[in-house]
Amino acid sequence: MIGDLKPYADYKDSGLPWLGQVPAHWQIVRSKRLFSARKDLAKPDDPQLSATQAYGVIEQAEFERRSGHRVVKISMHLDKRKHVEKDDFVISMRSFQGGIERAWSSGAIRSSYVVLKPGPEVNASYFQYALKSAGYIRALQATGDFIRDGQDLSFANFVRVDLPSIPTAEQAAIGRFLNWACDRLESTIRAKRRVISLLAEQKRAVIRSAVTRGLDDSVPLKHSGVDWLGNFPAHWEVLSLKRVLRRLIDCEHKTAPKVDESAFRVVRTTAVRNGELRISGTYCTTPTAYRSWTRRGVPEVGDVIFTREAPAGEACLVPEAMRICLGQRTVLMKPNRQRLDAQYLVHTIYAGPPRVAITLASQGSTVSHFNMSDIGLLPLLLPPIEEQREIVKSIVEQTAGLTTTITRLEREIDLLREYRTRLISDIVTGKFDVRDAAARLPAEVPVETVVDLDNESYEVEPFNEEAAEA
């Protein structure tokens, strides 16, 4: 059905770079004709909401359940919170990065957020995509220098970007079609991720055997004295991670500024997955920010990045030819290279004793989190350094086929995401007419698509509400 879409019959110039040519019957209007600023204070029984780039505006408890990310509860300035109605839109502190969010629930949001009340000419299902489309986000970014000024996106910025006024029935058709198309794409992505998960488990089994028993089945074993650790080669050591690190460096507990292009990149937790650093999960920052964020220590080749939260326990090597700094909830490990091979460390974090410790620490908690002291005490089984290198080489050889297939599937997922972004942009700007296609869709079409968080950014209520209000 997507491949059969056709353009509208007639077009005209919108006069807006982010829209370009639009269907002839669409009108371009000031955004304040479609939306007004809702200034109602929160009601006493309003649940607290989180503004997220991945899920829209939802209740905090629901966000924690979906993402596994802990939200610090607001305890100050509760009387200043704003009321949000379902199908309102919220301008949050990072909307210039990821668009303006639709509210899926009524509730309360912190006072520095801007709540947009839709008028009668607005269908929320269309604008949930239009206000998060790539072209619209670029137009928002052009209304101010958010990086240099450190400002939040305001209602004054919002009204500087004109919007299309489309018949409400047509808006509903566009929203309905995109809900259907995005749900299909998400289903395909989830299916590929399930296959990746199965292949990754096979890979972990190979690694687990290598980092807990070594490569020679004939060597004598001894018992660790810990039931879950069991037996291991008698010539290996059992010790805590901190004993074989030169340094363990925490991140800055604030978000580095984002710019379109630079030689310096920030590693978010979403960039570290299954032992690899994904460039798509990083973003560019300024040279000044890079120097500030690396003042405690510069990530170098042979170091390891570890995630403390969201989720805890992911790790990867610092890559060559990249100047990177730590994003929030990440930690830098600098191994003693005479005693610990960095790639061996990554392997044992995923499949050795550290993984068991991470799992045990996470049990009974909806959100896993590691303090610096917890990380330093992670247990290691440590062979001599040359044996570590032999184990690493053997793992590469045994898992090469699995790694190739996983890489291919991950690339396919990236292409699906790119296609989704382009499809949304083309349809919300009128490059294709979906009215007939939407009318032929099945009766039940999802109204809320949950995106794959592996490559999505999100934001939540800030830790320091008092500072935010100031």
Seminar exercise, completed: Karplus ³J(HN,Hα) for segment 210-217 (6.51 cos²θ - 1.76 cosθ + 1.60, θ = phi - 60°; Hz, whole; x = Gly/Pro) runs 5, 8, 10, 10, x, 9, 10, 5
Exercise. What ranking, highest mean first, results for peptides 372-380, 176-184 when packing means the other Cβ atoms within 10 Å averaged over each residue?
Worked result: 176-184, 372-380
Exercise. How many angstrom lie between the C-alpha centres of segment 256-289 and segment 1-49?
Worked result: 31 Å
For this session: Report the calculated FRET efficiency for R323 and A439 (r = Cβ-Cβ distance, R0 = 60 Å), to the nearest 0.05.
Result: 0.70
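Helix-only estimate, please: 222 nm mean residue ellipticity of the chain, summing -39500 (n - 2.57) across DSSP H runs of length 4 or more and dividing by its residues, to the nearest 500. List each step's numbers first, then the result.
Values: 15 runs with 171 residues, N = 470.
Calculated mean residue ellipticity at 222 nm is -11000 deg cm²/dmol.
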Problem set entry | Eligible lysines near K242 by straight Cα distance, threshold 26 Å, same-chain separation 8 or greater | K222, K254, K334, K393
For this session: Please say if segment 285-379 is rounded, prolate or oblate, where rounded means a/c under 1.5 for a ≥ b ≥ c the square roots of the C-alpha gyration tensor eigenvalues, and otherwise the choice is prolate for a/b larger than b/c and oblate otherwise?
Result: oblate
Problem set entry | Principal-axis tilt of helix 385-428 within the chain, Cα atoms, nearest 10 degrees | 0 degrees
Problem set entry | Answer label, with semi-axes √(5λ) of the Cα gyration tensor in Å calculated from the coordinates and candidates (1) 33, 28, 21; (2) 51, 28, 20; (3) 46, 25, 20 | (3)
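Just so you know, all these numbers are worked out from the coordinates, no wet-lab data involved. If you're wondering where the values come from, they're calculated on a predicted model, not measured in any experiment. Ideal geometry is used to build each Cβ from the backbone, glycine not excepted, and the neighbour counts take in all protein chains shown.
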